Amino acid sequence: MQQETSPYFRPVSLCNLSSMGEIGDDFLAGLERIMDARGLRAAPLSEAAGLSKSFIRDLRRGKAASPKLDTAMKVARALGISVEEILAAANGSVAGVPTISIAGRVGAGAKVPVFEAYERGAGPQVECPVGLSPQGIAAVEIVGESMEPVYSAGDLLFYSRPTHEGVPSEAIGRRCVCECERGFGWIKLVKLGSQPGYFHLIALNPDAENQHDVRLKWAAPVRLHWPADLAKRV
């Protein structure tokens, strides 16, 4: 078998794979233990893995064939762990829930200078949402009510920065976590400014003022919005 380079794959024992490349009973047993430990439901996990909504439910009920390795890897990716860790859970070793660091607090209408205030990985932790890999992801907490009704105080926004500095092309025209040259953090819709190196920051609240021709240290598109009542801090 060709070596798999995905970060969610680690070598698994050949006894756990059939000759057709399917995962055996240990995968299902381990998956059930992990889902029970985390309180996960089948349909949301199936969707997070990019599978049919009923896939995991049918798998647990014996109505679906054992998944092939590529399908098992999709499930593992949604859980933020490896296929090997799912297999190990069948024998009692349930992997802990992966966590993501809260990098700081950020506002929209109000200037919030407390941004990325923690040492890398040393900030408060929150459980990683199903379907989101914890690798290279950080979160910021919304403060104030200036982004109602889009985001509320206490909500978490998850993002990743493809480059440490600068504004990548993928950020243009999207809601982004960004930092201006003065060190303030913002959540804005980022658009190109009137000249290179400058950007228009469009407020999410229609009653708030937009900012024009702002120089940014960096900007990163929001990958996931998590309401405050769903966040599980650890």
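Laid out as a table, the results:
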read-out: Residue selected from the range 186-203 under the condition under 20 Å from the mean Cα position of the chain (by Cα) and not charged (D, E, K, R), by the criterion farthest from Glu145 (Cα to Cα); value: Leu189
read-out: Residues located in the range 122-148, provided they are free of Cβ contacts under 8 Å to residues at least 40 places away in the same chain and either under 21 Å from Asn210 (Cβ atoms) or hydroxyl-bearing (Ser, Thr, Tyr) (or both); value: Val143, Gly144, Glu145
read-out: Any hit, the range 192-215, residues being free of Cβ contacts under 8 Å to residues at least 40 places away in the same chain, touching a Gly at 6+ places or on another chain (Cβ under 8 Å) and under 30 Å from Ala78 (Cβ atoms); value: no
read-out: Check on Tyr159, modelled with pLDDT of 85 or more, among the aromatic types (Phe, Trp, Tyr) and closer than 30 Å to Gly80 by Cβ; value: yes
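Rundown of residues vs (1) touching a Lys or Arg at 6+ places or on another chain (Cβ under 9 Å); (2) modelled with pLDDT under 85; (3) open to solvent by 40 Å² or more (accessible area, probe 1.4 Å), yes/no style:
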position	(1), (2), (3)
Gly24	no, yes, no
Leu28	yes, no, yes
Leu31	yes, no, no
Met35	yes, no, no
Arg38	no, yes, no
Ala42	yes, no, no
Ala49	yes, no, no
Lys53	no, no, yes
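The values are calculated or read from the model by the stated rules, or taken from the named source; none is laboratory data. Please read all numbers here as calculations on a predicted model, not as lab measurements. Using ideal geometry, Cβ is built from the backbone for each residue, glycine included, and neighbour counts are taken over all protein chains shown. Note: areas computed on protein heavy atoms with side chains; ligands, DNA, RNA excluded. Shrake-Rupley method; radii C 1.70, N 1.55, O 1.52, S 1.80 Å.
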